[in-house]
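Working notes for the structure below.
The values are calculated or read from the model by the stated rules, or taken from the named source; none is laboratory data. Please read these numbers as outputs of a predicted model, since none were measured by experiment. Note that each Cβ is placed from the backbone with ideal geometry, even for glycine, and that neighbours are counted across all protein chains shown.
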């Protein structure tokens, strides 16, 4: 990697995207500060099952249809990163369960994109989908970034200027006298951003349930609009997708619906006690993130990863590092271009 020694970078956001970007830039020689007003894990990245699921996301999520190669490339960057930060990837795969017609459609969709899968008496199994423990991985990413010299500030970007409206362009314009950094990377969620392109981000609220480990660890179970992720210490049931809702309050109606959907796959879910967690993710109109240079000088976006934040984080980090280092951001840059929704001038 070309050296970025001396570059002063502020990364706004300490979710998986911000931490992975910070680690990549620090390894390239940049002086990186991560700022986030919330404690580590108090974000959408911490409220996640940690699935790295290119196959079933492509098959089950209409906005991911056609992007299997992209999602798989993101997944394939994880083994090296996992070894570096010292976490374990679970490669048990995933199995779809449901009625015969739905399973036939899932199998067809997996085959159409070239995802490895087999049809069994138990459903449709794919080894393509992996997972990690999101809480463990967030701590490991922060520790690895710290070892590379990244510093952390538990505040938002207003601490730089004292202005309630946000930061001034001069803060990250190196030509400005007394500029505090050369580049800002916006890796925030749907709210709190200052890039003009962030106007295209909208929130999606999601509930998950964490139950006692009702079944032993093994493949993730995917159903129509539901998943069961069996870990050693909990069964994660998720997730609601409440478009346009940006609050983090628990909605009892959504919890009931989620429990009922989970019980259709595993009846024990109906009776088990549960801890409820809520996260708010950001999405764009096409479901793909905003990654690349903003129209605002000195600003790079890494936002809007929707439900694939964990899956795509290493790929996004590579692209952001390429932008900072003046290199080619790669073949997916046009899909992630932050300005792709702008109306052309006539």
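Given the criterion farther than 24 Å from residue 75 by Cβ, surrounded by fewer than 17 Cβ atoms within 10 Å (Cβ to Cβ), in contact with a helix residue (DSSP H, G or I) (Cβ under 8 Å, 6 or more places away or on another chain) and at pLDDT 95 or above, identify the matching residue among 263, 295.
Answer to the selection: 263.
What single numbered condition from (1) without any contact (Cβ under 8 Å) to a residue 40 or more places away in the chain; (2) within 20 Å of the chain's Cα centre (by Cα); (3) in a loop (DSSP other than H, G, I, E, B) fails to hold for residue 233?
Looking at each condition in turn, residue 233 falls short on (2).
For segment 32-60, give me the residue count where each residue is on the phi < 0 side of the Ramachandran plot and touching a strand residue (DSSP E or B) at 6+ places or on another chain (Cβ under 6 Å).
Qualifying residue count, segment 32-60: 11.
Can you go through 166, 170, 162, 149 and tell me which one is in contact with a helix residue (DSSP H, G or I) (Cβ under 9 Å, 6 or more places away or on another chain), in the same structural domain as residue 185 (by TED's automatic domain parsing) and either in a helix (DSSP H, G or I) or modelled with pLDDT under 95 (or both)?
Working: 170 fails: in contact with a helix residue (DSSP H, G or I) (Cβ under 9 Å, 6 or more places away or on another chain); 162 fails: in contact with a helix residue (DSSP H, G or I) (Cβ under 9 Å, 6 or more places away or on another chain); 149 fails: either in a helix (DSSP H, G or I) or modelled with pLDDT under 95 (or both).
The match here is 166.
For segment 222-250, name all the residues that are under 23 Å from residue 305 (Cα atoms) and touching a helix residue (DSSP H, G or I) at 6+ places or on another chain (Cβ under 9 Å).
Applying the first criterion (under 23 Å from residue 305 (Cα atoms)) to segment 222-250 yields 222-229, 236-250.
Correct list: 222, 223, 224, 225, 226, 227, 228, 237, 238, 239, 240, 242.
Within segment 309-327, does at least one residue satisfy the condition of being more than 13 Å from residue 73 (Cβ to Cβ), in a loop (DSSP other than H, G, I, E, B) and in contact with a strand residue (DSSP E or B) (Cβ under 6 Å, 6 or more places away or on another chain)?
no
Which of the residues spanning segment 13-46 are at pLDDT 90 or above, under 19 Å from residue 310 (Cα atoms) and surrounded by fewer than 24 Cβ atoms within 10 Å (Cβ to Cβ)?
Hit for segment 13-46 is 46, nothing else.
If you scan segment 50-62, which residues turn out to be in contact with a helix residue (DSSP H, G or I) (Cβ under 9 Å, 6 or more places away or on another chain), surrounded by fewer than 24 Cβ atoms within 10 Å (Cβ to Cβ) and not in a helix (DSSP H, G or I)?
Within segment 50-62, none qualify.
Just checking, which of 93, 123 is within 24 Å of the chain's Cα centre (by Cα) and touching a residue at least 24 places away in the same chain (Cβ under 8 Å)?
Values: 123 fails: within 24 Å of the chain's Cα centre (by Cα).
Residue meeting the stated conditions: 93.
Which of the residues spanning segment 192-205 are surrounded by fewer than 22 Cβ atoms within 10 Å (Cβ to Cβ) and touching a helix residue (DSSP H, G or I) at 6+ places or on another chain (Cβ under 9 Å)?
Correct list: 192, 194.
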